[in-house]
Amino acid sequence: LPVQSAITHPRPGAAVPAGELTVKGYAWSGGGREVVRVDVSLDGGRTWRVARLAGERPAPGRAWAWALWELEAPVT
C-alpha cells in the first residue's frame, strides 16, 4: 500500500505566527511494512521537506502501528 499520512498539528485553518513552526502527524504503510520516510509540502507541492520519524523503530515485519513524525519549518 502507498503510505497514508495526516497532519495533526497545526489544525487546518489555524493561524500560526511567523517564525519556526513544528508540524506533526502520523503515517502508516500497511501490511506490517515500516514507514521509512515522510515527505511534507507546505506550499501545495512546489517544494518538499523530509520529516523526522519519532519514537522507536519496529522490528522488520512488525510495523502494525502508525509512525509519528514531525518537521521544523520556517513560516513567513
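Select from the stretch 42-76 the residues that are assigned to a loop (DSSP other than H, G, I, E, B) and open to solvent by less than 30 Å² (accessible area, probe 1.4 Å) and write down the one among them that is nearest to HIS9 (Cα to Cα). Result: ALA51. Of all residues in the stretch 19-36, those being modelled with pLDDT under 90 and either over 21 Å from TRP66 (Cβ atoms) or open to solvent by 50 Å² or more (accessible area, probe 1.4 Å) (or both) number 5. If you go through the stretch 8-24 and keep only what is of a type in the set (Val, Ile, Thr) and not in a strand (DSSP E or B), you end up with just VAL16.
The values are calculated or read from the model by the stated rules, or taken from the named source; none is laboratory data. Worth saying up front: this structure is predicted, and the values here are computed from it rather than measured. Note that we place each Cβ from the backbone using ideal geometry, even for glycine, and neighbour counts take in every protein chain shown. Each accessible area value is taken on the protein alone, full model and side chains, heavy atoms only, with ligands, DNA and RNA left out. Shrake-Rupley method; radii C 1.70, N 1.55, O 1.52, S 1.80 Å.
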